[in-house]
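To start, the structure itself, in structure tokens.
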Amino acid sequence: MKLIFGKNNHRVRFMLTSMLAAVLMISLIGCSSKSATESSAAPTNASGSSSPSEDPKVELTLWTTQTGVLNGGKPGEWVQQDLVKEWNQLHPNVTVNVEIIPFDGINERITTAIAGKTTPNILFDGPIRTLAYGQMGALSELDDVIPPADLEKIHQNPGVMKMVSVNGKIVAMPYSSSPVVLIVDKSLWADAKAEQLLPQDEFRTWTPEQYKAALKAVADKDKGVYGATLYALNEQGDQLYTSVMSAFGVKLFNDDYSKYIAAENPEAEKALALFKSLVDEGLVSAHPESISATNTLDYWKQRKTGMVLGGPAHADIIKNGLKDGTVVGPHEYMYVNFPSPKTGESTLNVSIGNGAVFKGTSPVKEEWAKKFLYWAQTESVNYSTAMKIFNPFSDTVPVWAKDDPEMQFLAKLVTKAKDWKVMDPGWGVKGYPEMRAAMFPEMQKMFIGKSTAKETIDTISKKFNEVITKYNK
């Protein structure tokens, strides 16, 4: 497959399974004719030594979220069991101690660690949280470990810079690209003889009315089974709601992030009203005000809900879970878009970047933490397989993406980056984690009937702008 990039129409050949990241770069990065390692002057195996025996004795601490699955293990376990083992075959002197941290209360734990100067050396997490830690001055700049050719492309593109940098300095490693969509258990609709209600067009889009009709087809209060589950117990709830608002045509922030502007668009109220109607009509799991994103994933694995917010990594949750019994079968996963009033369209929620290095008292530890993070995302098969990511600077075919038609759909979907809106979630806004925390109590009030959709988006907007004002004083 050939794609044309750059002002000189230089042709670049990418493999099909690199399309997710590569096509995204049509609107984001531009031409990349070599892989990161080919274009880099970085030392072999990301070390600064001529041989592993010359590596210094270094001990690093890595915190990882419960993401990524490998070899049938639980989410996150692969980091210690597989990734670190792979690293130590190259660098036996550089020890990496791993701790898996739960999503519930994650921001509070990390901000407390920042305040108490007890942060790990490395954090595996997305820019949705890490950029805020960069705004706090807690993250080390990664520019010095990224090859100059890649660095130039990133710096030249404002869209990518918003996702991976703070004050013009890259603080989130930019070699991970992954879409966020809805992943459906198609077998629930098959049981209800309603598969035709799931999206049927080439890019699997649906209107809010079609979305609701599909939910009605499988909702069974007596069995506790629903087409979808909403949640508002903690700040993880924002991605679903902001993605749908974006699919309704809502821009969340102004260009310089000085104001949250979603409430200025009437479509934001309509998007929240859709969610409120699902609760009022009994089309989703009861009491979303007491449900977390983690609970929703459990319901999905138990065939109690038909879809969750997810990405490529969720496919392995199903594959491995069916083998070890943690997923109730049958379960046939299918990726679809967020509902949108515009027929045949949706929004693309694509994350770029993952992982950060915290500043510390030891320059040597910072140096090796950066090397480990860069190596993991550009050279490790275990990392790309567990995390289901595409490297936008490499034409290497990811092993995990070869034989799955659903991954091929995601690859095709992201080709719409040149036509559809690509959501700007505002990760680079100062105080963004505080905004997420401020959102979910307002969603709780709406779900229990204490506020209307209009009152909810107005209050969320007021709270968000108070946070912005506080940090911009």
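Can you name the number of the only condition in (1) outside any loop (DSSP other than H, G, I, E, B); (2) at pLDDT below 80; (3) among the hydrophobic types (A, V, I, L, M, F, W, C) that LEU28 fails?
Of (1) outside any loop (DSSP other than H, G, I, E, B); (2) at pLDDT below 80; (3) among the hydrophobic types (A, V, I, L, M, F, W, C), only one is false for LEU28: (1).
Is it true that some residue in the stretch 106-120 is more than 19 Å from GLN135 (Cα to Cα) and in the same structural domain as LYS371 (by TED's automatic domain parsing)?
No, there is no match, as no residue in the stretch 106-120 is more than 19 Å from GLN135 (Cα to Cα) and in the same structural domain as LYS371 (by TED's automatic domain parsing).
Conditions (1) farther than 18 Å from PRO339 by Cα; (2) crowded, with 23+ Cβ neighbours inside 10 Å; (3) in the same structural domain as GLU345 (by TED's automatic domain parsing), marked per residue:
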| site | (1), (2), (3) |
| --- | --- |
| LEU188 | yes, yes, yes |
| GLU202 | no, no, yes |
| LEU215 | no, no, yes |
| LEU230 | no, yes, yes |
| GLY249 | no, no, yes |
| PHE253 | yes, no, yes |
| TYR257 | yes, no, yes |
| ALA263 | yes, no, yes |
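Examine the stretch 143-158 for a residue that is under 20 Å from TYR333 (Cα atoms) and under 21 Å from the mean Cα position of the chain (by Cα), and state whether such a residue exists.
no
Can you say whether GLU366 is in a helix (DSSP H, G or I), among the acidic types (Asp, Glu) and surrounded by 15 or more Cβ atoms within 10 Å (Cβ to Cβ), as far as the supplied structure shows?
So GLU366 fits the description; yes.
Scan the stretch 175-203 for residues that are of a type in the set (Gly, Ala, Ser) and in a strand (DSSP E or B) and jot them down.
Of everything in the stretch 175-203, those that are of a type in the set (Gly, Ala, Ser) and in a strand (DSSP E or B) turn out to be SER177, SER178.
Considering only the stretch 390-401, I want to know if a residue exists there that is at pLDDT 85 or above and over 17 Å from the mean Cα position of the chain (by Cα).
No, that holds for no residue.
Counting only residues that are assigned by TED's automatic domain parsing to the domain that holds GLY249 and surrounded by 22 or more Cβ atoms within 10 Å (Cβ to Cβ), give me the helices (runs of 4 or more DSSP H) lying completely in the stretch 405-473 with at least 2 of them.
432-447, 453-471
Considering each residue of the stretch 316-350, count those that are touching a Gly at 6+ places or on another chain (Cβ under 6 Å) and either assigned to a strand (DSSP E or B) or among the β-branched types (Val, Ile, Thr) (or both), and give that number.
1
The values are calculated or read from the model by the stated rules, or taken from the named source; none is laboratory data. Here the structure is a predicted model, which means the values were calculated and not measured. Positions of Cβ are backbone-derived with ideal geometry, glycine not excepted, and every protein chain shown enters the neighbour counts.
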